[in-house]
Amino acid sequence: MNVTLFKKELINYSKEIKINKIGFASANTFETLKQRLIDQKELGYQSGFEESDIKKRTTPQLLLPKARSIISIALAYPSKMKKPPRSTKDDRRGIFCRASWGKDYHLLLREKMNLIEAFIKDKYPEAKILSMVDTGELSDRAVAERAGIGWSGKNCAIITPEFGSYVYLGELITNIPFEPDQPIEEGCGTCNKCVDACPTSALVQGGQLDSSKCIAFLTQTKGFLPDQYRKKIGNRLYGCDTCQTVCPENRGKDFHFHVEMEPDPKIAKPSLKPLLTMSNREFKEKFGHVSGSWRGKKPIQRNAIIALAHFKDEASLPILEKLLNDDPRPVIRGTAAWAIGKIGQKDYLAVLEKRLELEEDQEVRNEIQKGIQLLEACKGE
C-alpha cells in the first residue's frame with residue numbers, strides 16, 4: 001500500500017465530493033487537551049453535553065484499536081442570508097444562529113464521511129474506520145487544529161485562513177498511517193474582540209470558555225433561564241454568533257458552496273408569536289430538518305417568550321395569558337408570567353394575581369411573583 005499516493009487520491013476525491021478542506025493528523029493521545037479538559041471540569045466550565053470520560057475524548061486508540069491517523073474535514077457554511085425578513089412591530093422575529101441554517105450539519109457531514117469511508121474501503125477493504133461529528137467522543141476542534149485545518153481561536157472556534165470560523169467539522173479515525181499535515185500557526189495575535197464582545201462574559205479569556213454562561217448553551221437548556229441572562233439572550237432562539245461576527249478573520253467571509261446549507265429565511269428568522277402555539281407535529285414539520293431543533297420545541301418556545309418580552313410586544317399578551325393559565329409545562333407557564341410583567345401592561349396585574357392563587361408549582365409561583373413585582377414597579381411610575 002502506497003500511503004503517500006493514496007493520501008493524494010483521497011485529497012482529490014474530497015474535492016470531487018465538495019469537501020472544502022481536508023487534513024490529516026496522527027492518532028496520538030491529545031495530552032494538552034486532556035489537561036485542559038481536567039481544568040475545565042474542576043472549574044465547572046463544562047456544559048454537560050460533552051462526553052464525560054476524558055480519556056475517551058483524548059485517546060483515539062480507545063475508540064478504534066490500532067488507530068494510526070485521523071482525517072479531519074471541513075465544510076464552509078454561509079454567513080449571510082439572502083433577503084432576510086425584517087422584524088417589525090407587528091411581526092417580531094427571532095433568530096437561529098448560522099450553524100443552524102439549512103439542513104442539519106450532522107447529516108451533511110455524515111453523508112460526506114460515508115462517501116470517504118466507502119472510497120477507502122473500496123481501495124482497502126481491510127481498513128478500519130470510525131467517523132464522528134460533534135456528538136462523538138473526540139473534540140472536533142482539537143483534531144482539526146492538529147490536522148492543519150485551522151488554528152484554535154480565542155473564541156474557541158477553529159479559524160481557517162480560507163473560510164474564517166464559518167466551518168462545520170467532522171473526523172474519521174483510521175488504522176491507515178497517513179502522513180500528518182502541519183498545524184497552522186496561531187493567528188489571533190493581540191486581538192481580543194471576541195472576549196470583549198461576549199454578551200455573558202462566557203469567554204473567560206482567550207481560548208477558555210465557561211460553557212455554563214455561553215448563550216449557545218443557555219438557549220439549549222430546558223429549565224428556567226437564570227434571570228441575569230434573560231436580557232442578554234435578546235431575540236436569539238438557538239445559539240449565538242457574537243464571537244464570530246466580531247472576529248476580523250471573518251470579515252467578508254460568506255460562502256455558498258452547498259445548496260443544502262442555504263437557509264429558508266422564514267425558518268432561520270421565524271415569527272415569534274406562531275411559535276408559541278405550535279404543536280409537536282407542526283414544529284417537527286417546520287424545524288425538524290435544522291440542527292437547532294434537536295432539543296425539541298420547549299427551549300425554542302421558552303426563548304421565543306423571552307424574545308417577546310425583550311421587544312415588549314403587547315400584541316403577544318393574550319397568547320402569554322393563555323400559556324400562563326393552560327400550558328401543562330411549568331417552564332412555559334412561569335416564563336410567560338415573567339414576560340407579562342416585563343412587557344409592562346398594567347392591566348395584566350390582575351391576571352398574574354389570579355393565577356398566583358391557583359398555581360401549585362413553586363418555581364412557577366416564583367416567576368409569577370417576579371412578574372407582579374415588575375408590573376407594580378410600572379404602576380408606581
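Applying 1/(1 + (r/R0)^6) with r as the Cβ-Cβ distance of residue 191 and residue 285 and R0 = 41 angstrom yields a FRET efficiency of 0.45. Across the chain, what fraction of all alpha-carbon pairs, as a whole percent, falls in each successive 20 Å bin from zero upward? Distribution as computed: 26, 51, 20, 3, 0 percent. Pairwise Cα separations in the stretch 187-286 fall into 10 Å bins from 0 onward with the following percentages, short to long: 12, 35, 34, 17, 2.
In a reduced charge model with +1 at each Lys and Arg Cβ and -1 at each Asp and Glu Cβ, the stretch 265-327 shows a dipole moment near 320 debye about its Cα centre. About the centre of its Cα atoms, the chain shows a dipole size close to 600 debye [charges on the beta carbon of Lys, Arg (+1) and Asp, Glu (-1) only; nearest 20 debye].
Between the stretch 336-381 and the stretch 198-262, the C-alpha centres lie 30 angstrom from each other. Out of all Cα-Cα pairs in the stretch 232-381, roughly what percent, to the nearest whole number, are more than 20 Å apart? Tail of P(r) above 20 Å: 54 percent of Cα pairs. Within a Cβ distance under 11 Å of residue 229, other residues only, what is the Lys/Arg minus Asp/Glu net charge? For residues surrounding residue 229, the net value is +4. Placing pseudo-labels 7 Å out from each Cα toward the beta carbon at residue 260 and residue 376 gives an inter-label distance of 5.5 nm. Taking a point 7 Å out from the Cα of residue 6 in the direction of its Cβ, the residues of the stretch 57-76 whose backbone N falls within less than 12 Å of it are 68-69. Sorted fewest first by neighbouring Cβ atoms within 10 angstrom, 97, 378, 194 come out as 378, 97, 194.
For the Cα atoms of the chain, what angle does the longest principal axis make with the long axis of helix 3-16, in degrees from 0 to 90, nearest 10? Once rounded, one gets 40 degrees.
Here the stretch 30-80 yields Rg over Rh of 1.08, to two decimals, using C-alpha coordinates and the Kirkwood radius. Cβ screening of the chain for cysteine pairs under 4.7 Å finds these without a partner: 97, 156, 188, 191, 198, 214, 240, 247, 378. Across all Cα pairs in the stretch 67-148, the calculated P(r) in 10 Å bins from zero up to the longest distance comes to 13, 37, 26, 14, 8, 3, 0 percent per bin.
Counting Lys and Arg as +1 and Asp and Glu as -1 over every other residue whose Cβ lies under 9 Å from the Cβ of residue 258, the net charge comes to 0. May I ask which of 41/286; 286/322; 34/269 have a Cα-Cα span longer than 27 Å here? From the list (41/286; 286/322; 34/269), the Cα-Cα distance tops 27 Å for 41/286; 34/269.
Computed over the stretch 312-381, the quotient of the alpha carbon radius of gyration and 2.2 N^0.38 Å is 0.96.
Only Lys, Arg, Asp and Glu carry charge here, each on its Cβ (+1 for the first two, -1 for the last two); on that basis the stretch 312-381 has a dipole of about 140 debye about its Cα centre. The long axis of helix 330-343 is offset from the longest Cα principal axis of the chain by roughly 60 degrees. Remark on residue 238: its backbone amide H falls under 5 Å from those of 95, 97, a criterion applied only to residues 5 or more positions apart or on other chains, H modelled at 1.01 Å from N. Quick one: helix 362-379 against the long Cα principal axis of the chain, what's the angle to the nearest 10°, folded into 0 to 90? Approximately 60 degrees, to the nearest 10.
Candidates 369, 306, 156 compared by Cα position along the dipole of the chain: farthest toward the positive end lies 306, with charges placed on Cβ. Candidate cross-link partners of residue 112 among the lysines, defined by an alpha-carbon separation under 23 Å and a same-chain spacing of 8 or more, comprise 7, 8, 15, 18, 21, 103, 121, 123, 128, 253.
No value in this document is a laboratory result; all are computed from the given coordinates. As the structure is a computational prediction, the values presented were derived from the model and not from experiment. Cβ coordinates were reconstructed from backbone atoms using ideal geometry, including for glycine residues, and neighbour counts include every protein chain displayed.
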